[in-house]
Structures are given as C-alpha cells and as structure tokens.
Amino acid sequence: MPTQPRSKLVARVGALVALSVMADLFPMPRVFFGMKLDLVGTVWVSGFLLFGFETATYTSLGTFLLMTAYGPTGFVGAAMKFAATYPMILMPWLITRKVPKKLLVTPSSRGALLYGFASGIAIAVRVVLTFVLNYYWAIPTFMGLPTQEVIQRFFAGSFLSFFAFVAGLNVAQGVLDAALPWILVVRSGLVRVLGYGR
C-alpha cells in the first residue's frame, strides 16, 4: 500500500479517533470486570477498510492513549480494548497481503469470503489473547482479586464457564467489529467513493 500524504493521514486519523472516543462514550452496560459491547472497534475496522492499515493503526493507538487518560477503566480498559480489537485489523492485513488489496473491499462473494475468513481468524486470535490477558493480568489488576477467587464467586468455581463467558463476549464483539464495517463501508459502496488506501 502506498504511503499516504502526511496531511491526509493526520486528518483521517484525527477524525477517526474523535469518532472512536464518541463511540466509547455511548452508554452501554458493562460486565463486572469492566468490559462492554461498544462501537469503538467498528470505527477502527472501518478506517482499515476505507484508508488502509497505516490509518487504522494510528487510529487505534490514538484512541488507546485517550482512553487511558480519560476512560472510566483507565490503562487496563484501554489496553484490553487495544489487545482485543487490533487483531481485527492486523490479521486481515497479514492474511491478504499476497492478494490484490481491492479484493478485500469488493462487495462480491469472493471478497466477502476472503474478508469473512480473515475476520474469523482474527476473532480466534482475539479470543485466545483476551482470555490469557484477562486471566493473568486484567481481572486481578482491575478487581484487586485473584482470578481464581473471581471464578469462585461469579462462576461457581467453573473454569469452563468463565472461559465461555469471556470467549462469548469477545466473539459477539468481534462479529460486530467485522460485520458492521463491512456493511457500512463495502456493501454501501462508500469505499468506492473514498478509495481504499488513497
């Protein structure tokens, strides 16, 4: 992908970061350890589909910094949002590097299949990564309790129930993060107007 002019990159990233922060402020219920379903990731993935990997990466980093400074869950919440959502950008980019870029954003059965496959891999990576981070770092740090005690209190001591809960939330959020941008950006034809990677 050609490098964007700096002025375009800065303008696009600034606009997308602002949209991401607005999406994070939208009131949604949180689970007991801080996670909520939100539209932040849909902005990041939309930025990737519209403008490419570079724009989406800077958008995610900019949002991470603002969420760390001003978000209700601070650094832990911002780090988990980044860790959970960035694979939704990184994996499709890595998987599709050897194919024409425009195929990924083509509203055809072939384009949808490629995007769906890449997003499925991304969601699988997301589930594994977020489970490990939640178990060993985020939950004990955020709640001030050992994860085993949290499992005992909220999941009747069932490790499998805890895994299913964390995985289910991340699968649901991952599907939303992948599907909504595809509909809004690709199926709507918006990507043809703005141009992928321009």
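The values are calculated or read from the model by the stated rules, or taken from the named source; none is laboratory data. Keep in mind the model is a prediction, meaning the values are calculated, not measured. Cβ sites come from the backbone with ideal geometry, for glycine too, and all protein chains shown count toward neighbours.
Suppose the filter is in contact with a Ser or Thr (Cβ under 7 Å, 6 or more places away or on another chain) and either more than 23 Å from M67 (Cβ to Cβ) or part of a helix (DSSP H, G or I) (or both); does A118 pass it? Steps first, answer last, please.
Details: in contact with a Ser or Thr (Cβ under 7 Å, 6 or more places away or on another chain): yes; either more than 23 Å from M67 (Cβ to Cβ) or part of a helix (DSSP H, G or I) (or both): yes.
Yes: the conditions hold for A118.
Kindly indicate the residue of the range 1-36 that is polar (S, T, N, Q) and modelled with pLDDT of 75 or more and also nearest to L66 (Cα to Cα) among those meeting that condition.
Of the residues in the range 1-36, the ones polar (S, T, N, Q) are 3-4, 7, 20.
Okay, now just the ones that are also modelled with pLDDT of 75 or more, so 7, 20.
Numbers: S7: 21, S20: 10 Å.
Within the range 1-36, the match that is nearest to L66 (Cα to Cα) is S20.
For the range 6-54, which positions are charged (D, E, K, R), out of contact with any strand residue (DSSP E or B) (no Cβ under 6 Å at 6 or more places or on another chain) and surrounded by 13 or more Cβ atoms within 10 Å (Cβ to Cβ)?
To start, the set of residues in the range 6-54 that are charged (D, E, K, R) comprises 6, 8, 12, 24, 30, 36, 38, 54.
Now drop any that are not out of contact with any strand residue (DSSP E or B) (no Cβ under 6 Å at 6 or more places or on another chain), which leaves 6, 8, 12, 24, 38, 54.
Residues satisfying the conditions are R12, D24, D38, E54.
Could you grab me the full set of residues in the range 19-73 that are assigned to a helix (DSSP H, G or I), β-branched (V, I, T) and farther than 24 Å from P107 by Cα?
From the range 19-73, those assigned to a helix (DSSP H, G or I) are 19-25, 40-51, 53-70; that's our starting set.
With the extra rule that they be β-branched (V, I, T), the set shrinks to 21, 40, 42-43, 45, 55, 57, 59, 63, 68.
Passing the criteria: V21, T59, T63, T68.
Out of the range 94-107, which residues are surrounded by fewer than 19 Cβ atoms within 10 Å (Cβ to Cβ), part of a helix (DSSP H, G or I) and either of a type in the set (F, W, Y) or modelled with pLDDT under 90 (or both)?
The answer is K101, K102, L103.
If I filter the range 55-77 down to residues being surrounded by 21 or more Cβ atoms within 10 Å (Cβ to Cβ) and aliphatic (A, V, I, L, M), which single residue comes out as modelled with the lowest pLDDT?
M67
Does any residue in the range 125-137 that is of a type in the set (K, R) come within less than 8 Å, Cβ to Cβ, of a residue that is modelled with pLDDT of 95 or more and crowded, with 18+ Cβ neighbours inside 10 Å six or more places away or on a different chain, and which pairs are these?
Between residues of the range 125-137 that are of a type in the set (K, R) and residues that are modelled with pLDDT of 95 or more and crowded, with 18+ Cβ neighbours inside 10 Å, the close pairs are R126/A84; R126/T85; R126/P87; R126/M88; R126/N170; R126/G174.
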